[in-house]
1. If you count the DSSP beta bridges with both ends in the chain, what percent of them are antiparallel, to the nearest 5?
2. Let me check I've understood the local charge: for Gln302, count other residues with C-beta under 11 angstrom from its C-beta, Lys and Arg +1, Asp and Glu -1. What total comes out?
3. Under 8 Å for C-alpha pairs, at least 6 residues apart: give me the relative contact order for the chain, rounded to a whole percent.
4. Under 16 Å between alpha carbons, and skipping anything fewer than 8 positions from Lys311 in its own chain: which lysines qualify?
5. Treating the beta-carbon of each Lys and Arg as +1 and of each Asp and Glu as -1, no other charges, what is the dipole magnitude of the chain about its Cα centre, to the nearest 20 debye?
6. Putting +1 on Lys and Arg Cβ atoms and -1 on Asp and Glu Cβ atoms, find which of Ser179, Cys54, Ser162 reaches farthest to the positive end of the dipole of the chain.
7. All other residues with a Cβ under 12 Å from the Cβ of Asn292 taken together, and with Lys, Arg as +1 and Asp, Glu as -1, what is their net charge?
8. Within a 10 angstrom radius of the beta carbon, how do Lys228, Lys196 rank from fewest other beta carbons to most?
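FYI, it's all coordinate maths here, none of it is from the lab. From a predicted model like this one, the values you see are computed outputs, not experimental measurements. Note: ideal-geometry Cβ built from the backbone for every residue, glycine included; neighbour counts use all protein chains shown.
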Amino acid sequence: MADVSHRIILTGASGMLGKAILEELANNPSAEVLALYRGNLPSTASDNIQNASCNLQSEDAVENFLEEFEPTIFIHSAATGMQTPLPDKETFHQVNVELPARLAKIVAARSHFVHVSSGLAYTDQGRPLREDDPLGTRHPYGASKVEAEKRLLEIANSRDFSLTVLRPFSFTGKGDFGSKLFPSLLRSSEKGEPFKMSTGEQVRDHASVRDIARGVVAASLLPAPASKPRVFNLGSGDCRSLREVVLDVTKQLAVPVEIQFGERPRLPDEPMFMVADTTRAQNELGWITRENLACAVWQLAQNSFPALKLKEPAPER
């Protein structure tokens, strides 16, 4: 292995984004990674990635891994609440608020803490959102991320603590599942059923999970912030309506499905306009989204819905 410059602990390694982050880091010879899992470990491995089971609720267990591995970067991507039915309020609070705050206090004096928040944390401004826009939302997942960011900022202000907050907007790709938009659409197609959705008037920023993972890694590998915390939006900046996005993807892939717009109500807590202004990420990270969203959905279909014979789209935007 080449000389290691970065020793990284990653939580949420079993999730869609966590897996994509590991794929990105597996190609980086300067990084050595310890991926933490709640349960069974994956059978796959690479030269620079170790897998371990860890109860993140146990401070002693986390302390042991920190002492043994001596990370320079701690990426916290574990979270709950993006699938229906939603968790109860207590679970939201314990997993999305208390856990990152507790981990941050343990990690504070040891390494750069990178917290994966969400674009859903913002208050809808009716335009692309900038990192200094106000936070606040009725969306349960977004609200838990707002509270987590407040707690982390309090910790950063009270002690020597290098903090980076990342706010990814909507993303999909290999590993997406459950009740989310594109797995639901592909599942309807596989079953030969109409896909019922809202009117699709909401303006949404969708990106490939692989692009978001590249952004997470780029921000994590920057020298740790010496003073105030850093914040980066990660998204495509695409200001199309959800209807336009879905119709474009299904056309590129030739998905055999009837889409019935307006057959489901829009969720009352979701914003009407959720798009990232990624100027800061472009300027400071040299990062932009590159992958065609339809390609990300095609990868999802290949992985999770192999019976669907879809048209392979162009790989780049």
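1. Once the DSSP bridges in the chain are tallied, antiparallel ones form about 10 percent.
2. Taking every other residue near Gln302 into account, the sum is +1.
3. Relative contact order, the chain: 18 percent.
4. Answer for Lys311, where 16 Å is the Cα cut-off: Lys251, listed by chain and number.
5. The calculated dipole for the chain is roughly 640 debye.
6. Highest projection toward the positive end goes to Ser179.
7. Around Asn292, the surrounding residues sum to -3.
8. In increasing order of surrounding Cβ atoms, one gets Lys228, Lys196.
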